[in-house]
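Single-structure report; data block below.
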Amino acid sequence: MINLFESQLLGGTVLLKNRIVMAPMTRTRTSEGDIPNELMATYYGQRASAGLIVAEATDVAPSSNGYALTPGIYTPAQRQGWRLVTDEVHRKGGTIFLQLWHVGRMAHPSLMPNGEAPWGVTAERAESQVFAHGPDGKLGHIPAGTPRRLRTEEVMRLVDTFSNDSAHAREAGFDGVEIHGANGYLFEQFMNSVLNTRTDCYGGASVENRTRFLLEVVEAAVRELGPGRVGVRLSPFGRFNGIPADPLTEETLLYVAGQLVRLGVAYLHLVYELMPEANMEVAEFKSHHLDHALLAKVRAVFPGTIIWCGGFTDRQGAEEALDTGLVDLIAFGRPYIANPDLAERLKYDWPLAEADRSTYYTRCGEVGYTDFPAYSGQ
Ligand SMILES: Cc1cc2nc3c(=O)[nH]c(=O)nc-3n(C[C@H](O)[C@H](O)[C@H](O)COP(=O)(O)O)c2cc1C
């Protein structure tokens, strides 16, 4: 059996101390100005025994803000804030990548600069909710706004934005970046052949066109950071954030996976069919779905490191997945919320604590965030 606690060389560059990944999780605990803070440094530092931490989705520009209080990386103050986090994780011997996103249509004018419409692949609104201040001034889940269709040159400019922010992530001390191509945000909006009805060079008629935006961003980020420092997250068949079912999902996935090898990425991070279709504080997560046949096809075109995420809760399940030979690292999301020492708990088969879902997002600062103790045998 493959040992979850073996070290692993990521992308030929970064040595991980085990095969455990802390999955990116938005926790909306920033300070004013979307600035990471000491509290976040404590939270990530507590979890540094993971082989790799992928820090939460982070805005590359003011226009990418789809949830109140998510961090950014585009201002010097945000980078200083992130430096607290990366220093703390490194001090504790951890490795940390930053997840970069643009939410696209998953936003609301109240979150956008000057109250403008969210940016969309088209002008079609997502049948989904964003986390923002409602008309009563309280934070909560409200319907996504109606987007405006991005012009071709704006998409091209976004490629430069991601490239600059990859450099900003390095400046803030991250070991690499993960491009968030999953969960119904802007990259997936472009890749979805049903939603992307554009007719320009980023238009959905051909797989080359609908994946062009993601691949241009990855290429630019690798140019900035070097090979082995850029990962990509995808959620094929996911329906989170109102993303429509797409008959061409498999074609798109295999095409992207093949291209990512050529571009020299550190890893491909896959999450399948797990996220709830509505807001994740209340909706049901679906059951674990490991499609061996599809993963084998991905493996055939992508011989690099594959991270598998979704529904793992113990060492045995993780090692069984590794034993298929189809994936190399196992990511844990929700189990990391209440178990800062998850790696140790998995190793010694200690029981896992449960988080209260009402603390997933902010409202409560350290409550449900940094106040979970390491296992003490009690
Ligand atoms: C509170 C919360 C916030 C999340 N935020 C992100 C995010 O910022 N980026 C992302 O790619 N996935 C995000 N996810 C999805 C997780 O990374 C993961 O894919 C999902 O929870 C399934 O894994 P699990 O079964 O181990 O929890 C989030 C999940 C939760 C519960």
Check your understanding: Restricting attention to the range 257-277, and to residues there that are at pLDDT 95 or above and within 14 Å of the ligand (Cβ to nearest atom), which single residue is farthest from residue 175 (Cα to Cα)?
Key -> 270
Check your understanding: In the range 5-51, what residues are under 18 Å from the mean Cα position of the chain (by Cα) and of a type in the set (Ser, Thr, Tyr)?
Key -> 26, 28, 30, 43, 44
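What do you reckon, is residue 282 within 21 Å of the chain's Cα centre (by Cα) and more than 15 Å from the ligand (Cβ to nearest atom)?
no
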Practice item. Can you run down the residue pairs with Cβ atoms below 6 Å, 6 or more apart or on separate chains, where the first is in the range 364-378 and on the phi > 0 side of the Ramachandran plot and the partner is aromatic (Phe, Trp, Tyr) and in a loop (DSSP other than H, G, I, E, B)? Key: none
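Select from the range 300-314 the residues that are within 14 Å of the ligand (Cβ to nearest atom) and buried (at least 17 other Cβ atoms within 10 Å of the Cβ) and write down the one among them that is farthest from residue 237 (Cα to Cα).
Per the criteria, the residue is 312.
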Practice item. Could you grab me the full set of residues in the range 311-352 that are of a type in the set (Gly, Ala, Ser) and either within 16 Å of residue 5 (Cβ to Cβ) or touching a Lys or Arg at 6+ places or on another chain (Cβ under 9 Å) (or both)? Key: 311, 317, 318, 321, 325, 331, 343
Check your understanding: Exactly one of (1) of a type in the set (D, E, K, R); (2) surrounded by fewer than 24 Cβ atoms within 10 Å (Cβ to Cβ); (3) under 26 Å from residue 264 (Cβ atoms) is unmet by residue 136. Its number?
Key -> (3)
Practice item. Can you tell me which residue within the range 165-179, out of those that are out of contact with any Ser or Thr (no Cβ under 9 Å at 6 or more places or on another chain) and either part of a loop (DSSP other than H, G, I, E, B) or free of Cβ contacts under 8 Å to residues at least 60 places away in the same chain (or both), is surrounded by the fewest Cβ atoms within 10 Å (Cβ to Cβ)? Key: 167
Revision key, fill the gap. Among 226, 231, 264, the single one that is under 15 Å from residue 166 (Cβ atoms) and buried (at least 23 other Cβ atoms within 10 Å of the Cβ) is 231
Check your understanding: Hey, does the range 92-106 have a residue that's within 13 Å of the ligand (Cβ to nearest atom), in contact (Cβ under 8 Å) with a residue 60 or more places away in the chain and either surrounded by fewer than 24 Cβ atoms within 10 Å (Cβ to Cβ) or not hydrophobic (A, V, I, L, M, F, W, C) (or both)?
Key -> yes
Point to revise | Some residue of the range 180-197 being more than 30 Å from residue 141 (Cβ to Cβ) and not in a loop (DSSP other than H, G, I, E, B) | key: no
Review point. Which residues, taken from the range 44-55, are out of contact with any Gly (no Cβ under 9 Å at 6 or more places or on another chain) and surrounded by fewer than 24 Cβ atoms within 10 Å (Cβ to Cβ)?
Key: 46
Review point. Considering only residues of the range 325-337 that are away from the ligand (no atom under 11 Å from the Cβ) and buried (at least 17 other Cβ atoms within 10 Å of the Cβ), which is nearest to the chain's Cα centre (by Cα)?
Key: 329
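The values are calculated or read from the model by the stated rules, or taken from the named source; none is laboratory data. Keep in mind that this is a model prediction, so the values were computed, not measured. Neighbour counts are summed over all protein chains in view; Cβ atoms, including those assigned to glycine, are modelled from backbone coordinates with ideal geometry.
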